[in-house]
Structure formats: C-alpha cells, structure tokens
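The values are calculated or read from the model by the stated rules, or taken from the named source; none is laboratory data. What you see is a predicted model; the values in this text were computed from it and never measured. Note that each Cβ is placed from the backbone with ideal geometry, even for glycine, and that neighbours are counted across all protein chains shown.
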Amino acid sequence: MVIDMSDHNYLLLTPGPLTTSKTVKQAMLFDSCTWDEDYNLGVVQSIRQKLVALATPSSGYTSVLLQGSGSFAVEGVLGTVIGPQDKLLIIDNGAYGARMVEMARLMDIDHHAFHCGEVNEPDTLALEEVLKNDARISHIAMVHCETTTGMLNPLHKVAGLAARNGKTFIVDAMSSFGGIPLDVDALGIDFLISSANKCIQGVPGFAFVIARRCELEKCAGRSRSLSLDLYAQWRCMEEHAGKWRFTSPTHTVLAFAQALHELEQEGGIAARHRRYQTNQRRLVAGMRALGFTPLLDEALHSPIITAFYSPEAQTYRFAEFYQRLKQQGFVIYPGKVSQNDCFRIGNIGEIYPQDIERLLDAVGQSMYWNR
C-alpha cells in the first residue's frame, strides 16, 4: 500500500520541521551509499565546509554532523565537551534551557542552573555574580532563540560575559543559525549547535556542531556516550573524507545540500533574515488587528516564532482552532509556556509574506468564539 499524503499539503507554521521547497523534497529521490566517495567527499565534506563558511570567515573552526534531532547534538556536545573536573553554567528561560539542565543531571555533569523565568531574558549582571562566586564554573551554555516563547536571548551580552571571564561558550542556535546573522569567532562561541530542519530549511534527520578546532581537540576520550561522542565523529569525518561512524541519513543529507544551495540563491543569511523579519512583523501586526496579544514585549521577539495569549472566551478551545486552521491549509503550534495559556505561530521555512496574509485571513475565518 502506498500512503497518499497529497491531501495534507499544508504549510507548517512551526519552528521545525518546517515547510520545505519542492526542490529540497526532490533531492531525496536518489539513493546513496554511505561508503561512496561521491557522497562522502562530494556532498558531506562540501556541507561541512559550507557550514563553517556561513558561521565565520575564521580558519579556526570545523564542523561535525551527527545523526538525530537537535537534542541529540546538544547532548553530544555536553557529554563530550564537559570534563569531570569542569562545571557548567546553564541559562534556563524556557523548555530548551531546561532540557539542557535535565541532560546535565542525567549525565552527572556538575552544573549550576540559572533560572530566569520563561518570559525574562537573562540578567548578565546577576550572571556575572554567579561567576564571581563560583570559580569552578568553566563553561556557559545558552539557547539563542528559545522557541518556548519566541524569545531571542542576548547573545552578544552573554558572549561578552563568557569572554571577559575566560569561559568556554556553548550556544544552542537550533532555531536561529541560518536565519539570523552571526559570526561565531567574533562572538567567541566555542561550540554552536543547530539542526538540518531549521533555518537552513532542510528536513529532519541530523544536527551539526560548528566547533572551535582547538577546543574540540581537547575532548578525546571524554564522551559519556558511544554514539554521541562528538570528538570520535569528528575524527572519523576528518580522517575518512566525510564518512560517518554509523549509518548516515543519506536522503536528509542530500536534501540539506540542496537547501544550502537555495540559501545561497536567496542571498545568504542576511537576505533570509530580512524575509523572516518581514514575515514576523506582518504576523504580529495582523494578529493584533484581530485581537490577539503577543506574550512577549516586542523588544524580546525573535523573527522565528511568536507566542500569543489564547482568547479568554469560555468557548475557545485550542484543538478546535487548530483543526479549523488546518482545514484551510495551516498548521500552528500549541503553547509550551507553563504559566500562561498560549499558542505559537512560526514563520520560518518556505514561507513568504503572501503566505502570512493568507494565514491571517484564515485566522479571521476561524474565530468561532467571536460569533
């Protein structure tokens, strides 16, 4: 039996997986051998080089691809980079910061969780006090775009804090890399983590780490896992021309290579950032006009995803609202904030201003609780 999904061709207004282009989908129609030179040398190595070039002009960085979702790579970094004598400061103002705290706990990594609350950006003065009072802290980890709320955390401020205090800086840039311009070397980021199915607009299947080479070289033998050993994966790719230690997600990799090409065609990260900003600003303005209120102050918004308070009407049910929008070709996200009743709408992926206009029309038609 062939599963027909042709009746489910809706736009994913989510922070990933996201709507991909037809040509990214078509790239997966080819089968590749994980040992083949054309695949490893021609595709994997090219991807690794392009990722570093997107992140920085510096020659001091390398990249590692790792099977699994973005959380696999986050866990791979924490479990490989943090040594037994180290201590990790984790900034937690959402579900993904909290996930890092849980990873550290389960791997028995010495850590300090700096809880900010889900709608607050981290206070760098308070963070500085934490560092002054605990000289054992050697690493700082932070989520750049916390998609729990859509908050864009103050990367430059925390990067400066890490640099001033000589700390290794780990950034979960899952939902920002490829969609927000940054230079990992200029910011002093030692390990940046992202995923194939986010702003570069590929499909799920692997994540990647852009690492300062001299820091990654220190990590031999540290990993708390076999399959999530970031250093071992890197050495295998370095020594065997792009070969993965375990089965490569070949179709996902081919789609990602096409997605990188399309990012370049669009004009690079700066151009994609402008499109995402345009989408998000129109979304917020249109939703406000329909009576919806964003969760965050405007200054805290990322151009990736926006959380809105749910209507206060007693007849409102997210599940029904969701289904009404889905029937019109749009899929949105439920809320993830623990203290507020919200839902979220993303605007990354193969989404353009005209799609946002169509969404706003659909939202207006789906507001059954106002009738």
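Of the listed requirements (1) surrounded by fewer than 16 Cβ atoms within 10 Å (Cβ to Cβ); (2) touching a strand residue (DSSP E or B) at 6+ places or on another chain (Cβ under 6 Å), His240 misses just one: (2).
Of the residues Gln277, Gln265, Gln258, which is at pLDDT 95 or above and surrounded by fewer than 12 Cβ atoms within 10 Å (Cβ to Cβ)?
On the way: Gln277 fails: surrounded by fewer than 12 Cβ atoms within 10 Å (Cβ to Cβ); Gln258 fails: surrounded by fewer than 12 Cβ atoms within 10 Å (Cβ to Cβ).
Among Gln277, Gln265, Gln258, only Gln265 is at pLDDT 95 or above and surrounded by fewer than 12 Cβ atoms within 10 Å (Cβ to Cβ).
The C-beta contact set for the range 14-41 (first residue under 12 Å from Ile200 (Cα atoms), second residue assigned to a helix (DSSP H, G or I) and small (Gly, Ala, Ser), distance under 8 angstrom, 6+ apart or interchain) comprises Thr20/Ala255; Thr20/Ala259; Ser21/Ala259; Val24/Ala255; Val24/Ala259. Being modelled with pLDDT of 95 or more and in contact with a Phe, Trp or Tyr (Cβ under 7 Å, 6 or more places away or on another chain) is a description that applies to Asp172. Inspect the range 302-319 for any residue being touching a His at 6+ places or on another chain (Cβ under 9 Å) and crowded, with 16+ Cβ neighbours inside 10 Å and give the result as yes or no. Taking every residue of the range 302-319 in turn, at least one turns out to be touching a His at 6+ places or on another chain (Cβ under 9 Å) and crowded, with 16+ Cβ neighbours inside 10 Å.
Among residues of the range 190-204 that are in contact (Cβ under 8 Å) with a residue 40 or more places away in the chain, those with a Cβ under 9 angstrom from a residue that is crowded, with 24+ Cβ neighbours inside 10 Å and among the charged types (D, E, K, R), sequence gap 6+ or separate chain, pair up as Leu192/Asp172; Ile193/Asp172; Ser194/Asp172.
Restricting to the range 79-108, give me the number of residues that are in contact with a strand residue (DSSP E or B) (Cβ under 7 Å, 6 or more places away or on another chain) and within 20 Å of Trp234 (Cβ to Cβ). Qualifying residue count for the region: 3. The sole residue among Leu216, Leu226, Leu192 that is surrounded by fewer than 19 Cβ atoms within 10 Å (Cβ to Cβ) and either at pLDDT below 95 or aliphatic (A, V, I, L, M) (or both) is Leu226.
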